[in-house]
Each structure stands twice: as C-alpha cells, then as structure tokens.
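Peer 1: Sharing a structure here in structure tokens format.
Nothing in this text is a laboratory measurement; each read-out follows from the coordinates by a stated rule. Model, not experiment: these values are computed from the prediction. Glycine also receives a Cβ, built like all others from the backbone with ideal geometry; neighbour counts cover every protein chain displayed.
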Amino acid sequence: MGSSWAIVYARAGLQVAIYDRDPSARSKVIAKIQDALEQSSVLISGHETIQDVLERVTVNDSLAAVLEGAQFIHECIEEKLESKRAMFEQFCELAPENAILATSTSSFPVSTFASELSRREKCIVVHPATPPHLLPVTEICPAPFTDPAVTDAVYSLMEACGQVPVLIKKELPSFVLNRMQAALFVEMFRCLNEEVISPSDIDKIVSAGFGLRWAFLGPFEAVDLNSAGGIKEYFERFGFIFNDMAKDLGLKDEVVTSNSIALLEQYARGRLPLAAINEKVQWRDRAITALRELKAEQDKTAVDQRVEASLSVA
C-alpha cells in the first residue's frame, strides 16, 4: 500500500520520503515502485518519464528522518489498533507542528486511536481502493475533532494527485467502500453456501454484468437509465424488492423510502434532465461496447500467453 501511495504522490510531482521499519523491505521498495510504474506507464504525465517519477522518491533509515520537514504524512502500517495509536503518538512527537497526519486504515475510524493525541485535530483517514495508483477512488473520513481545514486540504490534495476523493460525513467502522463491498460478498457467500450458484458463475455475474456497466456509471446513475421516468419512477415501482431483501437480512426499517427516493431524484435530475435519458442510454451502450472490445482483446492476449508458456514448457 505504501509503495502504491508513493507512486500517486510522486506521479503528481510531489517529493516523497519513505520509511519502513523492515530493512529488507526498504531495500526493495524502489525496485517495487519502478516495476509498478512500468506496468502503468500510460498513467504518467505525457511529458515525463518513469525516471522523472522515481527521482522524487527517497528511502530513509529512520522515522525521524522521513518526518523532517514533512507537510503530509501518510501511514500505511499493519491493521492493528495499538500499532496505529503508537505510530501516531510518534508522529505527534516528531513531525512538524502543522503536518497533516493521515492513515490508510480500512477499518478503524480516527476516533478509535487518536482521541487522546495532542494533535488530534490534524488526524484523518485517507482510505483508498487497492491499489491507489490504479484505482483512484479515495475515502476521506475525518473525526468529529478533525479540523475542517484539514479535511478540505486533504480533499484538494487528492484531486490534485488525480485521485477521486469521496467524503465520509460520519465515522463508522470500515467506512463505506468496504461496507458496500462486504454487503455484496455476504450475499455471494450466502448463495454459495446454499448451493444456489457456483463460484465461477458468481464471478461471471460481476465481470460480465455489473463490472461492464459500473465501469462508466455508478449504481444510482445506472438505475436512472433503467426507466423512462428515471430513478424516481424505477424505485417507486421496484423499491419493494430491496425492502423485502432488507427485511430478509434482518433489517427492521425499509431502505427505500419516500425521503431516499426524493434525495436520489434531486441528485439524478441535477446531473441529467429527464428528457436526456435516451441520449445517455445510447452513450452507455457505446461505452460498454467499446469496453467489451477491449476486454476481448485482453482475453485473447491472456490466452495467447498461456499457449506460448505451455509450448515453452513442452
């Protein structure tokens, strides 16, 4: 995770200093970053080279050295609460007074380990999809005590680095990205355990279904195109399906309500007039067609490589 974030920042033109307590990991990190850059070179700014990006990255032998003069500190250590707390205590002791202190934790809100810190107002969650140098969406989750100026600065920094920040307004365990992913996995495991479907066919539903559509449209944007009357009409007609599923999962309250439909209608119509839905549907179809063509090319390349490897072994 740390090396991937280093790529995000260095690719955006920032000077990056890395520290890892494991000497072996420190010795390999530059080669690891270089390999990842070579695999994703198309994402480097047109006038720059891999070497240009690498020259912005340095590896240090001590935490104190890496923190000296730092303006933004991004911790990517093991997912253990006590380890996070101990690391942030060191940040408060060693980092410049105005440095922002970010964690890439995927489960612990800032309040769970930073509430007693002397610089708690500088602390914030910056949680990415993995790996962040390829998947730009990034959750920004402040604690109630985080300085709003810190939240704004981090949001702007992520945008400047080419990420796609999303603001998590309230602290909750695992934030939103992982909770959405977990909800899908829970249902997949239920269907698998009840022998409704095979693992292979579950993967096909996502890769040949959701994945193709959601590559261009978020779920709510996609639903808005499923009905001539838009998202409001869709959920007014089919919202009971989701409420029945929610009840089946043990939720007491309905999830599709008149209030949530009104909120979604305001969101959708603010992005796309109802009269333009058909035009957007045509755009979606062209985009999916293009992606399927690209996917077919990639699948053929993968098959050809497997054949070549098999022939080589033979």
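Peer 1: Suppose only helical runs count, i.e. DSSP H with n ≥ 4. What mean residue ellipticity at 222 nm does that imply for the chain under -39500 (n - 2.57) per run, divided by all residues and rounded to the nearest 500 deg cm²/dmol?
Peer 2: -17000 deg cm²/dmol
Peer 1: For Glu82, what charge total do you get from the other residues with a beta carbon under 14 Å from its beta carbon, if Lys and Arg give +1 and Asp and Glu give -1?
Peer 2: -2
Peer 1: Considering only DSSP beta bridges with both partners in the chain, what is the antiparallel share in %, to the nearest 5? Mind dumping the intermediate values first?
Peer 2: Values: 5 of 20 bridges.
Looking only at bridges with both residues in the chain, the antiparallel portion is about 25 percent.
Peer 1: Based only on other Cβ atoms within 10 Å, what is the fewest-to-most ordering of Cys161, Cys92?
Peer 2: If I rank by nearby Cβ atoms, fewest first, I get Cys92, Cys161.
Peer 1: Using each residue's phi in segment 216-228, evaluate 6.51 cos²θ - 1.76 cosθ + 1.60 at θ = phi - 60° and report the 3J(HN,Hα) Karplus result to the nearest Hz, with x for Gly and Pro.
Peer 2: Working through the residues one at a time gives 10, 9, x, x, 5, 4, 5, 4, 4, 8, 8, 8, 4 Hz.
Peer 1: Now, a different point. Taking a cut-off of 18 Å between Cα atoms, list the lysines near Lys295, but don't count ones fewer than 8 places away on the same chain.
Peer 2: Within the straight-line cut-off, Lys295 pairs with Lys204.
Peer 1: Now a separate question. Does the chain come out rounded, prolate or oblate by the C-alpha gyration tensor, with a ≥ b ≥ c the root eigenvalues, rounded set by a/c under 1.5 and, if not, prolate when a/b is larger than b/c and oblate if not?
Peer 2: Oblate, because a/c is 1.5 or more while a/b does not exceed b/c.
Peer 1: Cα axis of helix 2-11 to longest principal axis of the chain: angle in degrees, 0 to 90, nearest 10?
Peer 2: Tilt of helix 2-11: around 90 degrees.
Peer 1: So, one more: Rounded to two decimal places and with Rh computed the Kirkwood way over Cα pairs, what is Rg over Rh for segment 2-167?
Peer 2: On the way: Rg = 15.3 Å, Rh = 16.1 Å.
Using Cα coordinates only, the ratio equals 0.94.
Peer 1: Something else now. If the cut-off is a Cα-Cα distance under 20 Å, which aspartates and glutamates reach Lys300, setting aside same-chain residues fewer than 8 apart in sequence?
Peer 2: Answer for Lys300, where 20 Å is the Cα cut-off: Asp203, Glu308, listed by chain and number.
Peer 1: How far apart, in nm, are two points set 7 Å out from the Cα along the Cα-to-Cβ line at Phe72 and at Thr130?
Peer 2: It works out to 2.2 nm between the two label points.
Peer 1: Continuing with the same structure: Give me Asp52, Asp224 ranked fewest to most by other Cβ atoms within 10 Å of their Cβ, as a rough exposure proxy.
Peer 2: Asp52, Asp224
Peer 1: Quote to one decimal, in nm, the extra length available between Asp285 and Lys28 on full extension: 0.36 nm per residue of separation minus the C-alpha distance between them. Numbers along the way, then the final one.
Peer 2: Values: separation 257, 0.36 × 257 = 92.52 nm, distance 4.42 nm.
Result for the pair: 88.1 nm of gain on full extension.
Peer 1: Once you sort the root eigenvalues of the Cα gyration tensor of segment 169-223 as a ≥ b ≥ c, which label holds: rounded (a/c under 1.5), prolate (a/b larger than b/c) or oblate (the other case)?
Peer 2: Here segment 169-223 falls in the oblate category.
Peer 1: If neighbour count is taken as other Cβ atoms inside 10 Å, put Ser115, Ser207, Ser174 in order from fewest to most. The partial results should precede the final answer.
Peer 2: Working: Ser115 14, Ser207 11, Ser174 17.
Least crowded to most crowded, the residues run Ser207, Ser115, Ser174.
Peer 1: Tally Lys/Arg at +1 and Asp/Glu at -1 over every other residue whose Cβ is under 13 Å from the Cβ of Lys247; what's the total? If you can, show how the numbers build up before the last one.
Peer 2: Values: positive: Lys252; negative: Asp244, Asp248, Asp253, Glu254.
Here the charged neighbours net out to -3.
Peer 1: Taking only Cα atoms and a 10 Å spring cutoff, compute GNM fluctuations for the chain and point out the largest among Asn60, Asn98, Asn259.
Peer 2: Taking springs between Cα atoms under 10 Å, the residue moving most is Asn259.
Peer 1: Using a cut-off of 21 Å between alpha-carbon atoms, which lysines can reach Lys84, once sequence neighbours fewer than 8 places away in the same chain are excluded?
Peer 2: List returned: Lys122, Lys170.
Peer 1: Under 8 Å for C-alpha pairs, at least 6 residues apart: give me the relative contact order for segment 197-313, rounded to a whole percent. Can you show the working numbers first?
Peer 2: Details: 60 pairs, mean separation 31.5, N = 117.
After rounding, I find 27 percent.
Peer 1: Is the shape of segment 197-313 rounded, prolate or oblate, going by the alpha carbon gyration tensor and its root eigenvalues a ≥ b ≥ c, with a/c under 1.5 for rounded and a/b larger than b/c for prolate?
Peer 2: It comes out oblate by the Cα gyration axes.
Peer 1: Also: So for the pair Arg292, Gln51, with labels modelled 7 Å out along Cα→Cβ, what separation do we get in nm?
Peer 2: My value for the distance between the label points is 4.5 nm.
Peer 1: Sketch the reach of a paramagnetic label on Ala160 as a point 7 Å from Cα along Cα-to-Cβ, and name the residues of segment 11-42 whose backbone nitrogen lies under 14 Å away.
Peer 2: 11-16
Peer 1: Another question, if that's okay. Please sort by residue number the GluC sites (Glu not before Pro) in segment 92-165 whose DSSP state is loop and whose Cβ has at most 11 other Cβ atoms within 10 Å.
Peer 2: Glu97, Glu116
Peer 1: In addition: Provide the net charge surrounding Ile18, with neighbours chosen by a C-beta distance below 13 Å and charges set as Lys +1, Arg +1, Asp -1, Glu -1.
Peer 2: +1
Peer 1: Moving to a separate point now. Using a Förster distance of 35 angstrom, determine the FRET efficiency expected from the C-beta separation of Val303 and Gln90, and round it to 0.05. Don't jump to the answer; show the numbers that get you there.
Peer 2: Values: r = 50 Å, r/R0 = 1.43.
About 0.10, to the nearest 0.05.
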